[in-house]
């Protein structure tokens, strides 16, 4: 049987991590291809509902990444985001949702190598955890059916 | 206690300071319900006893109530907290509401205006009772799989009636995310996914705003202990961010501590 390939959605900010991921490419650093990047203006814009949506639509893991503290393009977006993540992560854990499947990181525009490392580590960890069937099976319609028929 | 409230309500109404007093009155059977007193001679209908736990602050946000004119509200501690938070969210001005405040020790508190209310609430920061904390800790002590099973069992009872939302003074958005369908954030039917999403969203949108009045849990027709979710967040805010701010999620410290960001 082929090895399980996790589907991971990365929500990243435009100014640091997205640019950093770009640098990973221009630096010709290879990394796992399981990650689909969604670019948002700022980590402050990464609504927790987006993460819920990713899982509902069949993601096995999620990466959330943005500018290091004090480096936010909008001065304080990541500080506000960090407070929300602290509460959100704790709430998910309290509800029994597998918070290990959400990986948070700070990756700056200069850290192309770090992004590759974050992606590779995330893929390795999520692969070890296996598919997130527990969550996918909550939907009344199988996630696989939706992927095949609704894209 | 009850007499003092009636007296105060009479004064406020006959002096013309307020047009309506929101308080508790006799309901069906042995229950109390919210009543809206508009004439000084009706003030005698007001009740204050152990049954009067409903958080009345939500009525201040209803346009039907606002249309009655300036209101005074019979306010125990949770109601006072709700009003302070609603003021922070600029839902009304200092002069819009008068309060007949009642302390936790069941004494009438003199709060001449809403600034006094704010000071009073700040002086009494929100804390979980030892029993409430113990219940949160009990769930924390379970394994993740046990917690998942617990909440799956509890939320499977949910019929998506949104009584928790309707009863909550803080849930006043004209259009709740749950009704947004472009995109459809929350799965509509009350199946496992939709229920889980709803309860996560409700707790998160109340993070830092919830005053732990318990109205959601009392309103729930199927007895989901959804208040636990809010209490988890209240404890987290106290542990991680301290108690200085009026609204923890509108503030930050550059050195907020966490241990999970890589």
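Normalised by the number of residues in chain B, the mean separation of alpha-carbon contacts (under 8 Å, six or more apart) gives a relative contact order of 15 percent. Taking other C-beta atoms within 10 Å as the exposure proxy, A:12, B:188 rank B:188, A:12 from fewest upward.
Distance from a point 7 Å along Cα→Cβ of residue B:145 to each backbone N in segment A:89-103: keep the residues under 19 Å and list them by number. Only A:93-101 fall inside the zone, counting backbone N under 19 Å. Under a Gaussian network description of chain B, with springs only between Cα atoms under 10 Å, the residue in B:166, B:174, B:123 that fluctuates furthest is B:174.
With viscosity 1.306 mPa s and temperature 10 °C, the Kirkwood radius over alpha carbon pairs of segment A:81-144 converts through Stokes-Einstein to a diffusion coefficient of 115 µm²/s. Note on A:74-87: average number of Cβ atoms from other chains within 10 Å of each residue's Cβ is 5. Size descriptors for segment B:160-262 (Cα atoms only): Rg and Dmax, in that order, 15.1, 43 Å. Distance distribution P(r), chain A, all Cα-Cα pairs, bin width 10 angstrom from 0: 11, 40, 35, 13, 1 percent. Once the Cβ-Cβ distance between residue B:258 and residue B:188 is put in as r, and R0 is 30 Å, what FRET efficiency do you end up with, to the nearest 0.05? Efficiency, from the Cβ-Cβ distance: 0.30. By the Stokes-Einstein formula, at 0.890 mPa s and 25 °C, segment B:2-123 with its Kirkwood radius over alpha-carbon pairs has D equal to 172 µm²/s.
Axis of helix B:144-155 versus longest Cα principal axis of chain B: the two differ by about 50°, to the nearest ten degrees. Modelled label positions at residue A:3 and residue B:70, each set 7 Å beyond Cα in the direction of Cβ, lie 7.3 nm from each other. In plain terms, the bigger the Kirkwood radius, the slower the diffusion; for chain B, with that radius from Cα pairs, at 37 °C and 0.692 mPa s, Stokes-Einstein puts D at 164 µm²/s. Starting from the Cα of residue B:94, step 7 Å toward the Cβ, then list every residue of segment B:104-144 with an amide N under 15 Å from that point. From segment B:104-144, the list is B:111-120.
Inter-label distance, residue B:160 to residue A:71: 4.2 nm, where each label sits 7 Å from its Cα along the C-beta direction. In plain terms, the chain from residue B:38 to residue B:134 could stretch by 30.2 nm, reckoned as 0.36 nm per residue minus the Cα-Cα distance. Largest first, the extents of the alpha carbon coordinates of the protein assembly as shown on the three principal axes equal 82, 43, 39 Å. The mean number of Cβ atoms from other chains found within 10 Å of a Cβ in peptide B:213-221 is 0, as a whole number.
Modelled this way, with points 7 Å down the Cα-to-C-beta line, the labels at residue B:62 and residue B:217 are 2.5 nm from one another. I want to make sure I understand the PRE zone here: with the label point 7 angstrom from the Cα of residue B:124 toward its beta carbon, which residues in segment B:37-54 have backbone N atoms less than 15 Å away? Counting only backbone N, you get B:53-54. Peptides B:49-57, B:138-146 ranked from most to least packed by the mean count of surrounding Cβ atoms within 10 Å: B:49-57, B:138-146.
Per-residue shielding of B:191-198, expressed as the average number of other chain Cβ atoms within 10 Å of the residue Cβ, stands at 5.
Every number in this text was worked out from the coordinates using simple rules, so none of it is lab data. These numbers come from a predicted model, not from an experiment. With ideal geometry, Cβ positions are generated from the backbone for all residues, glycine too; neighbour counts draw on all protein chains shown.
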